[in-house]
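Step one of this worksheet: look at the structure below.
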Amino acid sequence: MPHTNVQPDKAHISNELRSIGLPKEIKVKENRVALTPADVSTLTGRGHGVRVEKGAGVGSGLSDQEYAAAGAELVDVAAAWACDMVVKVKEPMECEYQYLRPDLLLFTYLHLAADRPLTEVLLASGTTGVAYETVQLPDGSLPLLTPMSEVAGRLSVQAGAYHLQQPQGGRGILLGGVPGVLPGQVTIIGGGVVGTNAAKMALGLGARVTVLDVSHARLSYLDDIFFGRINTLKSTEGNLRALLPYTDLLVGAVLIPGAKAPHLVRHDMLKLMQPGSVIVDVAVDQGGCVETIHPTTHDAPTYTVDGVIHYGVANMPGSVPRTSTFALTAQTLPYILQLAEHGLDALRRNLALHRGLNTHAGQLTFAGVAEALDIPYVSAESALGAWKLNYPTV
């Protein structure tokens, strides 16, 4: 679908968004929800109307009655999407494209660099799309990606350990080993939030752990916080090739904010790994750092290529929705409040939110996505017009 420009003055997004919609997540086995009843209470207490689709919080153990008691109006899916702003956890599915429109502000994880169809629909609809994963503080940190990266990093080792069991097709390796038998080897590509949390879990299970990263400063930091209990290596093809024959579980933890992940493990490198070894690529929603990875679901999480098990679930934190929901919403609520109370002005005034803008009025406003998909790029400054940037604390 070709994209079309929608003139900013026709977007009709006011500087105060009085209605906020909370649809139920419909991605396979996605049971997170983007607002808790406590969040709804905060929003309604400030005069905002909140429409919650019936059953939206059930998967996280949050009942309709709790949302109603917090002041929400319980509605059907169409009414939830008809609000000034819609907050979600995952990107819109194809059946939800019909609800996208020029006067809608959508705040959710988008991961557009690996999703051309959604990108083109957002552009054609004129929707203002602000992506959780590209909201970035002046120090470079990603406050809305971090909590789910922590969850996904820890889950990556749990999932990998499970699929290493022989009944699941794995090598039959216990990562922690037993007295007289060596522990399994976990190799982690990337020493950021995902990689650090994967290393914590792998060490907790008693595995041998090696983390590769391009930054020497990051490797020094990891060596310090783990007191030398993990091995650290510069992330080079040579070092990776040397490790793969001995790797039982490979965790892909590479992140370039908002952009497509580079393929660091190419198809031909799989032959270096032992049959029944496992790859868990947490970067799959950004295209993956393993060439042979593709997105899977919780219903069918794995497939095998050249004897190596691939786990590519793109919404891993959805498997522990109650933990994930409370971790995520604790971080998103301050930004939701700013958007609700200031509309597009929040994107002009708050640097973190400004960096989160991916689409507006038919224009693609995030350079990493534009480069990945070869679509024309317009700076957020140009798309938003009047410039009022300051640096709020969130």
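The values are calculated or read from the model by the stated rules, or taken from the named source; none is laboratory data. Quick caveat: nothing in here was measured; it's all calculated off a predicted structure. With ideal geometry, Cβ positions are generated from the backbone for all residues, glycine too; neighbour counts draw on all protein chains shown.
One table, with the values for the structure above:
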{"item": "Exclusive hit being surrounded by fewer than 19 Cβ atoms within 10 Å (Cβ to Cβ), modelled with pLDDT of 95 or more and in the same structural domain as Gly129 (by TED's automatic domain parsing), set Val33, Val58", "result": "Val58"}
{"item": "Residues within the stretch 275-293 that are part of a loop (DSSP other than H, G, I, E, B) and among the β-branched types (Val, Ile, Thr), tallied", "result": "2"}
{"item": "Matching option when the condition is at pLDDT below 95 and under 17 Å from the mean Cα position of the chain (by Cα), among Ser379, Ser319, Ser324", "result": "Ser319"}
{"item": "Any hit, the stretch 206-223, residues being in contact (Cβ under 8 Å) with a residue 24 or more places away in the chain, charged (D, E, K, R), more than 29 Å from Tyr132 (Cα to Cα) and not assigned by TED's automatic domain parsing to the domain that holds Asn358", "result": "yes"}
{"item": "Residue satisfying all of: in the stretch 197-207; in contact with a Gly (Cβ under 7 Å, 6 or more places away or on another chain) and not aliphatic (A, V, I, L, M); farthest from Gly140 (Cα to Cα) among these", "result": "Gly206"}
{"item": "Criterion violated by Thr359 - all others in (1) modelled with pLDDT under 95; (2) over 16 Å from the mean Cα position of the chain (by Cα) satisfied", "result": "(1)"}
{"item": "Residues that are crowded, with 22+ Cβ neighbours inside 10 Å and farther than 30 Å from Pro275 by Cα, drawn from the stretch 292-331", "result": "Pro321, Ser324, Thr325, Leu328"}
{"item": "Where Thr119 falls short, out of the listed (1) farther than 20 Å from His360 by Cβ; (2) surrounded by 21 or more Cβ atoms within 10 Å (Cβ to Cβ); (3) under 23 Å from the mean Cα position of the chain (by Cα)", "result": "(1)"}
{"item": "Residue ID - nearest to Leu123 (Cα to Cα), chosen from residues in the stretch 61-76 that are crowded, with 18+ Cβ neighbours inside 10 Å and touching a Pro at 6+ places or on another chain (Cβ under 8 Å)", "result": "Ala72"}
{"item": "Conditions (1) modelled with pLDDT under 95; (2) assigned to a loop (DSSP other than H, G, I, E, B); (3) under 22 Å from Asn358 (Cβ atoms); number of the one not met by Asp9", "result": "(2)"}
{"item": "Output for the stretch 16-66, where each listed residue is of a type in the set (A, V, I, L, M) and free of Cβ contacts under 8 Å to residues at least 40 places away in the same chain", "result": "Ala38, Val40, Val50, Val52, Ala56, Val58"}
{"item": "Qualifying residue in the stretch 273-284 (condition: more than 22 Å from the chain's Cα centre (by Cα), among the small types (Gly, Ala, Ser) and within 25 Å of Lys200 (Cα to Cα))", "result": "yes"}
{"item": "Positions within the stretch 261-282 being in contact with a helix residue (DSSP H, G or I) (Cβ under 8 Å, 6 or more places away or on another chain) and small (Gly, Ala, Ser), in sequence order", "result": "Ala261, Gly276"}
{"item": "Per-region count, the stretch 309-351, residues in the same structural domain as Lys24 (by TED's automatic domain parsing) and among the aromatic types (Phe, Trp, Tyr)", "result": "2"}
{"item": "Any hit, the stretch 78-92, residues being more than 26 Å from Asp345 (Cα to Cα) and buried (at least 18 other Cβ atoms within 10 Å of the Cβ)", "result": "no"}
{"item": "Some residue of the stretch 264-285 being closer than 30 Å to Leu353 by Cβ and in contact with a His (Cβ under 7 Å, 6 or more places away or on another chain)", "result": "yes"}
{"item": "Which listed residue is touching an Asp or Glu at 6+ places or on another chain (Cβ under 6 Å), outside any loop (DSSP other than H, G, I, E, B) and outside the structural domain of Thr119 (by TED's automatic domain parsing), from Leu250, Leu270, Leu240", "result": "Leu270"}
